[in-house]
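Quick note: the coordinates plus some simple rules give every number you see, no bench work behind them. All values reported here derive from a predicted model rather than from experimental measurement. We place every Cβ from the backbone using ideal geometry, glycine too, and count neighbours over all the protein chains shown.
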Protein chains: 2
Amino acid sequence: MSYKSYNYEGLKKLCNIVFEKFGFNHEESENITDVLLLADLFGIESHGIQRLVLYYKSIKSGLVKLNPKIKIVKETPISVVIDAGQAIGQIAGIKAMDMAIKKAKNSGIGMVVVNNSNHYGIAGYYARMAEKEGLLGISMTNSAAITVPTFGKEAMMGSNPIAISMPAKPYPFLIDMSTSVVTRGKIEVYNKRNDKLPIGWTLDSEGNDNSSAKDVLYNMSNKKGGGIVPLGGSEEISGGHKGYGFALTVELFTAILSGGLTANYVHTNGVSGTCHSFIALDYGIFGDKKAIESNFSEYLNEIRKSEKAKGKQRIYIHGEKEMEAYEDKIKNGIPMNDNTLKEIDEICKYFDLKMDDYIIQ
Amino acid sequence: MSYKSYNYEGLKKLCNIVFEKFGFNHEESENITDVLLLADLFGIESHGIQRLVLYYKSIKSGLVKLNPKIKIVKETPISVVIDAGQAIGQIAGIKAMDMAIKKAKNSGIGMVVVNNSNHYGIAGYYARMAEKEGLLGISMTNSAAITVPTFGKEAMMGSNPIAISMPAKPYPFLIDMSTSVVTRGKIEVYNKRNDKLPIGWTLDSEGNDNSSAKDVLYNMSNKKGGGIVPLGGSEEISGGHKGYGFALTVELFTAILSGGLTANYVHTNGVSGTCHSFIALDYGIFGDKKAIESNFSEYLNEIRKSEKAKGKQRIYIHGEKEMEAYEDKIKNGIPMNDNTLKEIDEICKYFDLKMDDYIIQ
C-alpha cells in the first residue's frame with residue numbers, strides 16, 4: 001500500500017464542504033473538520049480523514065443525529081452533566097470543554113460529563129482546548145467494547161483514551177493514549193494495509209494471541225469474543241491489570257458519572273451512547289502560574305537531556321512528536337494511502353465534487 | 001525463605017508501641033500503624049511491616065522530622081497546598097485527605113497537594129478514606145527516581161502510584177498501582193527472598209534487560225543508571241510510552257502543582273521532599289449517588305460474570321483481592337518472612353521489648 005502526501009488546506013476545504021453535504025451547518029462542519037484533521041496533522045492517521053466514511057455511515061444509519069437536542073441535565077458551579085442527544089462527538093465535545101473551561105476560570109475547576117454522544121475523534125483535541133487557555137486539560141471517552149479484562153475473553157471496556165495537556169515550553173505537554181495497548185483505529189489501519197498485527201496486541205475469540213487484524217475486527221464488531229488487550233498485556237506479571245484498571249477508571253469518569261452507557265452497551269440496539277468526560281483545572285489555585293509552568297518545563301527538559309539507552313538517540317516528551325509532525329505536515333502535506341483516497345473519491349463522486357480541486361499533492 | 005503468619009492484633013500493638021518509641025505521639029503512632037498494617041492486610045507485603053526498619057532509619061538520618069511544622073501555603077474553597085515540614089508521609093497524608101474530604105463535602109471537590117513530605121505507605125489508604133465517606137477518592141505520590149523514561153537509561157520518575165477508590169458492592173472499587181511495571185518495594189521483597197526478577201521489569205546501568213534485584217537496587221540507590229521500566233515495557237510497540245506518560249502525570253499532580261521536588265531531586269541533599277496529591281469528589285454533583293453506585297456495581301458484576309479466557313476461572317475487579325486478603329489475614333494472621341522477623345527482633349531488643357509478647361502465631 002502506497003502513501004502520498006496532500007496539501008492540508010485542500011483537505012480542510014474538502015472536509016468542510018463534505019460535512020456540510022452530510023447535513024451539518026457551517027460552524028459545525030468547521031469544528032468537526034478541525035478535530036479530524038488535527039489527528040492527521042499530529043500523525044494519528046487512525047483518527048483522521050480515514051474516518052470520513054465511517055462518520056457518513058453513522059449519519060445514514062441514524063447513530064449520529066443532525067440538529068441534535070443537546071440538554072444540560074444538571075449543573076453546579078464546578079460541574080455539568082450533558083445529554084448530547086446523539087450529536088456527533090466533536091460538537092458535544094467542543095461544547096462540553098468550552099463549559100469546563102468557563103467553570104475553571106470562575107471556580108478553579110470545571111468537570112463536564114456527557115452521555116448519549118458519538119465518536120469524538122482524538123481525546124487530545126479537547127485537552128488542548130484547555131491548555132490553550134492556560135489551564136490543565138483532561139479528556140476521556142469510552143467507546144464500543146473492544147478491550148478484554150485481565151483473564152477474560154469478552155471485550156467489556158472501550159479503547160478508553162485519557163488525554164492530558166498542560167502548558168510547557170518549548171512544546172505543550174500532551175498525553176493522548178488509549179488504555180488498551182493500541183486503539184481500534186490502529187487495527188483498522190493495519191487491516192487496510194494488510195499488515196500482520198504484532199503479538200501481544202489482540203486476542204482471538206478463545207482468548208489466545210492473535211495476529212489477524214481482519215479477524216479481530218470481525219470478532220469485535222460481531223461480539224464473537226476476543227479483542228484488544230489492556231495496556232500492560234494479558235497477564236498480571238507484566239501489569240495488564242493496571243491497564244485494565246485505567247480502562248475501568250475511564251468508564252467510571254465517563255459512563256458512570258454521566259449516567260450513560262458503559263462500553264458493553266455502547267453501539268448496541270441501534271444507538272451509540274458514547275460517553276465523555278472533560279476537566280479543566282486552573283492551576284493558579286495552587287500557586288503562581290508562571291512558576292508552575294517554568295518548573296514543569298525545566299523538569300521535562302532535564303528528562304530530554306538525561307542519558308539515553310544504548311542505541312537510542314532521543315528521549316521524547318509527550319506532545320513533542322505531535323507538534324513536530326504538525327509543523328511538518330502543514331508544510332509538506334498529510335499522507336494518505338490508496339484505500340483512504342479511494343473512499344474519498346467515492347464520497348466526492350456521490351456529492352458531485354471534483355476531487356482534484358481539493359486533493360492536491 | 002520461609003513465611004509464618006502472625007496475629008494482626010499483636011502486630012498492631014507492637015507497631016503502636018514501636019512508633020511511640022521512635023518518638024511519635026499516641027495518635028500519630030496509631031495512624032502510621034493503621035496505614036502500614038493495611039498494606040499487610042491487603043497482601044501488599046512490600047509496603048507493610050517490612051518497612052519498619054526503613055522508617056526508623058529515616059528518623060535517625062533526619063529525613064523524617066518528629067513534631068513537624070505542617071504549614072498551609074495556599075487555600076481556596078476547593079484546594080489546599082501543604083508544606084509537610086518533612087513529616088512522615090502518613091501524618092501529612094491523613095491530614096491532607098481529611099481536608100480534601102471536607103472541601104468535597106462543601107464544594108463538590110477537594111484537591112490537596114503536599115510538598116516536603118516523606119514515604120506515605122500505600123496510596124490506596126488515602127483513596128479509601130474518601131471512599132469510606134461516600135466520595136470518589138484519588139491519591140498519588142512521587143518518590144525517589146526509580147523509573148526510566150522510554151529510550152532512556154537514567155531513572156527520572158518515581159514509582160508514582162495512582163490510587164482510585166469508589167463505593168461499590170459487594171466490594172469498594174480500589175485501584176492502587178504504580179505507573180512503573182512494579183514498585184521498588186516489590187524488588188526489595190525479591191532481593192530479601194534472593195529470587196531472580198522476571199525479564200521486562202528492570203534495566204541495568206546500560207539500559208539492558210536485568211534480572212538481579214540486588215544490582216538494580218544498588219544502581220538506583222547510588223544513581224548508577226538503570227532502574228524500573230514504565231508500565232507497558234521499555235519499547236513503544238508494547239505501550240511503554242503510556243506508562244511513562246502516566247508517571248509524568250503523577251509528577252505533574254504532585255511535585256509540579258505543589259511547587260515541590262520532582263523525583264530526580266527527591267532523596268538528594270539529605271532531604272526526602274516527597275510530594276503527594278489527594279482528590280475527593282462528591283459525585284452527587286453529577287446525579288443521584290445511590291443510582292451512580294448501583295450502576296457502577298452492576299457494570300462491575302457484568303465484568304465478573306463475562307466469559308473467561310481458556311484456563312482462567314475468575315475475572316477480578318480491582319479491590320476484590322485486597323478485600324478478600326483483608327478478611328483472610330484478620331482471621332489467619334499476617335505472613336512475615338525470616339528476614340523481616342529478624343529485623344523486628346532487633347528493633348524489639350533495641351527498645352527492650354519482648355518480641356514474643358506481640359509476635360504471636
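Details
- The label point for A:I72 and the one for A:D288, both projected 7 Å from the Cα toward the Cβ, are 3.6 nm apart.
- Secondary structure note: in the range B:1-157, about 55% of the DSSP beta bridges are antiparallel.
- Nm distances between copies for B:D195, ranked from closest, using label points 7 Å along Cα→Cβ: 3.7
- Protection proxy ranking, peptides B:174-184, A:217-227, A:165-175, B:125-135, average beta carbon neighbours within 10 Å, highest first: B:174-184, B:125-135, A:165-175, A:217-227
- Mean separation of Cα contacts under 8 Å (6+ apart) over length of chain A, as relative contact order %: 23 percent
- Cα gyration tensor category, rounded, prolate or oblate, for the range B:249-361 with a/c compared to 1.5: oblate
- Per residue of A:99-108, other chain Cβ atoms within 10 Å of the residue Cβ number 1 on average.
- Counting only other chain Cβ atoms within 10 Å of each residue's Cβ, the peptide B:232-243 averages 6.
- Inter-copy spacing of A:A325 label points, which lie 7 Å from Cα along Cα→Cβ, given in nm from shortest upward: 3.9
- Paired Rg and Dmax values of chain A, which use every Cα atom, in angstrom: 20.1, 56
- Put in order of Cβ neighbour count within 10 Å, fewest first, the listed residues B:M157, B:M323 become B:M323, B:M157.
- Equivalent-ellipsoid semi-axes for the range A:104-163 (Cα gyration tensor, √(5λ), whole Å, largest first): 28, 11, 11.
- The range B:218-313, Cα convex hull volume normalised per residue, Å³: 198 Å³
- Computed log₁₀ I(q)/I(0) - Debye formula, equal Cα scatterers, no solvent, the range B:173-233, q 0.17, 0.22 Å⁻¹: -0.51, -0.82
- Distance between modelled label sites at B:E236 and A:K4, nm, 7 Å Cα→Cβ extension: 2.7 nm
- On the basis of the beta-carbon distance and an R0 of 41 Å, B:K214 and B:I360 show a calculated FRET efficiency of 0.80.
- Entry note, the range A:210-267: relative contact order of 15 percent, from Cα contacts under 8 Å with a spacing of 6+ residues.
- Straight-line cross-link partners of A:K186 among the aspartates and glutamates, defined as a Cα under 15 Å from its Cα and at least 8 positions apart when in the same chain: A:D40, A:E45, A:D176, A:D195, A:D215, B:E236.
- Computed as a quarter of the hull surface, the mean projected area of the alpha carbon convex hull for the range B:268-333 stands at 9.8 nm².
- Rounded to the nearest 500, the helix-only mean residue ellipticity at 222 nm of chain A stands at -12500 deg cm²/dmol, with each DSSP H run of n ≥ 4 adding -39,500 (n - 2.57).
- For the segment B:143-153, counting C-beta atoms of other chains within 10 Å of every residue's C-beta and taking the mean gives 4.
- Intensity falloff of the range A:133-197 expressed as log10 I(q)/I(0), Debye formula with alpha-carbon point scatterers, at q = 0.17, 0.18, 0.25, 0.26 Å⁻¹: -0.73, -0.78, -1.02, -1.06
- Calculated over the protein assembly as shown: convex hull of Cα atoms, volume per residue (Å³): 142 Å³
- Note on B:K310: lysines with a C-alpha under 16 Å away, same-chain residues under 8 apart excluded, are A:K153, A:K224.
- Summary of the geometry: the range A:184-237 and the range A:93-125, compared by the centres of their Cα atoms, lie 31 Å apart.
- Summed over all non-identical Cα pairs, the Kirkwood treatment of the range A:1-69 gives a radius of 12.6 Å.
- FRET efficiency estimate (nearest 0.05) - Cβ-Cβ, A:N222 to A:V53, R0 25 angstrom: 0.80
- Sorting A:28-39, A:65-76, B:200-211 by average packing, meaning the other beta carbons within 10 Å per residue, from highest down gives A:28-39, B:200-211, A:65-76.
- Converting the Cα gyration tensor eigenvalues of the range B:36-164 into ellipsoid dimensions via √(5λ) gives semi-axes, longest first, of 24, 18, 17 Å.
- Inter-label distance, nm, simple model (7 Å from Cα along the C-beta direction), B:K13/A:D328: 6.8 nm
- Residue pairs, from the table A:K132/B:K74; A:K103/A:K321; A:K289/A:K331; A:K102/B:K74; A:K4/A:K223, whose Cα atoms sit over 28 Å apart: A:K103/A:K321; A:K289/A:K331; A:K4/A:K223
- Gyration tensor analysis over the Cα atoms of the range A:129-249 returns equivalent ellipsoid semi-axes of 28, 16, 12 Å (largest first, whole Å).
- Calculated label separations, B:I72, copies of the chain, 7 Å along the beta-carbon direction, nm: 3.1
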